[in-house]
Each structure stands twice: as C-alpha cells, then as structure tokens.
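Beneath this line is the structure, given in structure tokens, with notes to follow.
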Amino acid sequence: MTQLDGIVKPKTKRSKRFLEGRAPKLTEDVKTAMIMKGGNSSLTVTQALKDIYSLKKPNAVLYKKKNITRPFEDSTSLEFFSKKSDCSLFLFGSHNKKRPNNLVFGRLFDFHVLDMIEVGIEKFVSLSEIKTSKCPEGTKPMLVFAGEAFDTDNEHKRLKSLFIDFFRGPAVTAVRLAGLEHVLHFTALEGKIYMRSYRSLLKKSGCRTPRIELEEIGPSFDLVLRRTHLASDDLFKLSHRRPKTLKIRKKKNISRDAFGTKLGRVHMQKQDLSKLQTRKMKGLRKRRGPKVAEDPDAQAPKVAKVEG
C-alpha cells in the first residue's frame, strides 16, 4: 500500500479488501475487545482475563505477552494496538502493591480512548472451579443490572453503559426461547459491584410456559470501583451520533409504546349518529300487540254525522 497526501492507495487486491473492511460503514461490525495484561500480573488477574475472554469469544483478541504500559498515564500503546487489531473495546489487567488485582475496562472512539474505569478484584471464582455444564461459545447474554447506584451516580451510569457495550454481543432481529440461556447479573451494593454468570434452565411446569431456574456457571467477581477517566459530555454525545440515512423518520400520527407496539391516530369528521346504519337483529324488532278475536255478531259503532 502506498500513501499519497494522506490517502492510502492499495496495490494488491488483498490490501484493497483489507482497506474496505476497515472503511466506515453505515452499519458497523460487532465491537471487538482486546484483552491484555501488564508487566506485572498475578495468577488471579491472568485467570480472570482468560475467563472474560471465554465469555467474549469470538469477538475478542487475547494478547498472551506482557505489555508494559499504564493506561491512565499514557494510552498511546492502547490506541496503537486498537488500530492494529481493529478493536473498539479493551480490558487491561495488572497487579502491584498499591492496586492489587487490578482491571481496567475501556472503550475507544475513532481509535482514541473515550472512557476508562478501573476496578479491583476482591473475590474471584473462575469458570473451572464451578463444575457445571457451560453455555456454548458465542451465546448472546442477557444483562441484568440491580442497584440504585446504576441510575443515580454518574460513574456507575458510565460503568453500566461500558458493561453493556462490552458484553452485549451482536445485534439480532429475532431470538428463540431456547437461545436465552446465558444471564450476566450486575449488582451495585454498598460501594461494591457483584458480577455473576448464570445459565437458565427450562423445566417442565405443567403448562405451555416453562418454569425457569438459574444455575451459576461462573466466573464470579466481587469488584470495587477505583480510578475513572470519563469523556466529556460533548465528546460522549458526539460518539453517539448516527448517520442521517439510519435515522428513523417520524411519520405523522404514528407512535410506538415502550414495548415497540405501533399506535396510530385517525382523525375523522363529525358524524351524524341519526343516520348511522346499525345492524338489524331479530331481538330488537318492534313487536305487535296481541290480536283480539273479532265477534261476527257485534255491530260496528255508529259515527255521528256532522253537517258542514
């Protein structure tokens, strides 16, 4: 590939396909995460990165070598790796005396760091320690958030948005009941964040709707919030902009409720209800009175003549 005046021109068909894949699209591809560890890392951090990678597969890239970098001080190496691997999400693990068992969740916009939130692992149970059957690779999880802090505190709001971006998986137009088997539950309570992973089991209930039970499959995290690097409101708003062609045009007198049901409003002229044609029913017909048997001998009453 040659670069002239800031424009990269491909020389081969392979490089042309590569550039077309990296070019901006109206509907972007699934967000990919890069998972890496720092210069110093503990066994807990290493195993935690592997377990989160197993939850994210196949939309993740795991770097096995150590990367000596500090994201909150210099993020250029993260931006370089994100551009190299075409990733918009990252997870960085490290361990030191000041911040033991440290994880940094982050996302990038235009290959520049947008948000970073640092959490510490206080308790960890890996996938291998829980001896149960696991969900298949690539299963789209259901995300559940519990706790008042996710709705009131600004840092927890961004953390919730970051977790949704990180674990949501590909966008789908339809789902089947049997495919809803993986649940990720996040609870914010007393300054800590509890992350649990469950597998939903469909049991017989004696009716058409099955009875649902949850079985913990791991990994399990008890996290505590540490440092944060949040984007400004203007930059955060800019990262949410959508192309005009993808925006849904509002149609007059048509709206949708919270469940996506289409509601329409019809305007009509004033009607004259006296001319309204109703359905004729036998039960609503007027009935005649009872017939009186006529006496043949009875004479008709005489009518008085009036002279004009």
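The values are calculated or read from the model by the stated rules, or taken from the named source; none is laboratory data. None of the values given here were measured: they were computed from a predicted structure. Positions of Cβ are backbone-derived with ideal geometry, glycine not excepted, and every protein chain shown enters the neighbour counts. Remember, those area values only see protein heavy atoms, side chains included, never the ligands or the DNA or RNA. Shrake-Rupley method; radii C 1.70, N 1.55, O 1.52, S 1.80 Å.
Grab the eigenvalues of the alpha-carbon gyration tensor for the stretch 77-140, scale each by 5, take roots, and send me the semi-axes largest first in whole angstrom. Don't skip to the answer; put the middle values down first.
Values: eigenvalues 136, 79, 17 Å².
Value: 26, 20, 9 Å, ordered largest first.
Which pairs, out of LYS97/LYS192; LYS84/LYS247; LYS50/LYS157; LYS140/LYS160, put more than 29 Å between their alpha-carbon atoms? Let's see the in-between values first.
Values: LYS97/LYS192 20 Å; LYS84/LYS247 31 Å; LYS50/LYS157 26 Å; LYS140/LYS160 17 Å.
As for pairs spanning more than 29 Å Cα to Cα, those are LYS84/LYS247.
Measuring from label point to label point, each 7 Å out along Cα→Cβ, what is the SER205 to ARG256 span in nm?
2.7
Between ASP29 and THR245, what is 0.36 nm times their sequence separation minus the Cα-Cα distance? Round to one decimal in nm.
Details: separation 216, 0.36 × 216 = 77.76 nm, distance 1.70 nm.
Going from the current span to full extension adds 76.1 nm.
Identify which of the listed values of P(r) over Cα pairs in 20 Å bins from 0, in percent was calculated from the structure shown: (i) 36, 58, 6; (ii) 23, 42, 16, 8, 5, 5, 1; (iii) 28, 52, 20, 1.
(ii)
To the nearest 10 degrees, how steep is helix 43-56 against the longest Cα principal axis of the chain, on a 0 to 90 scale?
40
I'd like the orientation of helix 13-22 relative to the chain: the angle between its Cα long axis and the longest Cα principal axis, in ° from 0 to 90, rounded to 10.
Long axis of 13-22 versus the principal axis of the chain: about 60 degrees.
Report, in deg cm²/dmol and to the nearest 500, the calculated mean residue ellipticity at 222 nm for the chain, where each DSSP H run with n ≥ 4 adds -39500 (n - 2.57) and the sum is divided by the residue count. Could you put the intermediate results ahead of the total?
On the way: 6 runs with 59 residues, N = 308.
Helix-only estimate at 222 nm: -5500 deg cm²/dmol.
Report the local net charge at GLU215: Lys and Arg +1, Asp and Glu -1, summed over other residues whose C-beta lies under 12 Å from its C-beta. Present the calculation step by step, with values, prior to reporting the outcome.
Working: positive: LYS131, LYS134, ARG196, ARG199, LYS203; negative: GLU181, GLU213, GLU216.
Around GLU215, the charge tally is +2.
Mind checking the full-extension length gain between ASP233 and ARG70? Use 0.36 nm per residue of separation minus the Cα-Cα distance, one decimal, nm.
Values: separation 163, 0.36 × 163 = 58.68 nm, distance 2.46 nm.
Here the segment from ASP233 to ARG70 would lengthen by 56.2 nm.
How many nm is it between the label spots at LEU263 and LEU19, if each spot is 7 Å from the Cα in line with the beta carbon?
A separation of 5.1 nm, rounded to one decimal place.
Rank these residues by their accessible area, most exposed first, probe 1.4 Å: LEU273, LEU108.
Details: LEU273 125, LEU108 20 Å².
Ranked list, largest accessible area first: LEU273, LEU108.
Where does each of 252-258, 231-237, 61-67 land if you order them by average Cβ count within 10 Å, highest first?
61-67, 231-237, 252-258
With contacts defined as alpha carbon pairs under 8 Å and 6 or more residues apart, what's the relative contact order of the chain in percent? Kindly include the intermediate steps, with their values, before the conclusion.
Numbers: 445 pairs, mean separation 43.8, N = 308.
Relative contact order comes out at 14 percent.
Rank HIS240, HIS182 by accessible area, highest first, at a 1.4 Å probe radius? Show your work: numbers first, answer last.
Details: HIS240 115, HIS182 10 Å².
These residues rank, largest area first, as HIS240, HIS182.
Could you state the accessible area per residue of the chain in Å², with a 1.4 Å probe and every protein chain left in place?
Working: 23230 Å² over 308 residues.
I get 75 Å² per residue for this part.
In this model, which of LYS65/LYS134; LYS25/LYS244; LYS57/LYS131; LYS31/LYS56 are farther than 22 Å apart at the alpha-carbon? Before the final figure, lay out each step's value.
On the way: LYS65/LYS134 27 Å; LYS25/LYS244 13 Å; LYS57/LYS131 20 Å; LYS31/LYS56 10 Å.
LYS65/LYS134, as the Cα separations exceed 22 Å there.
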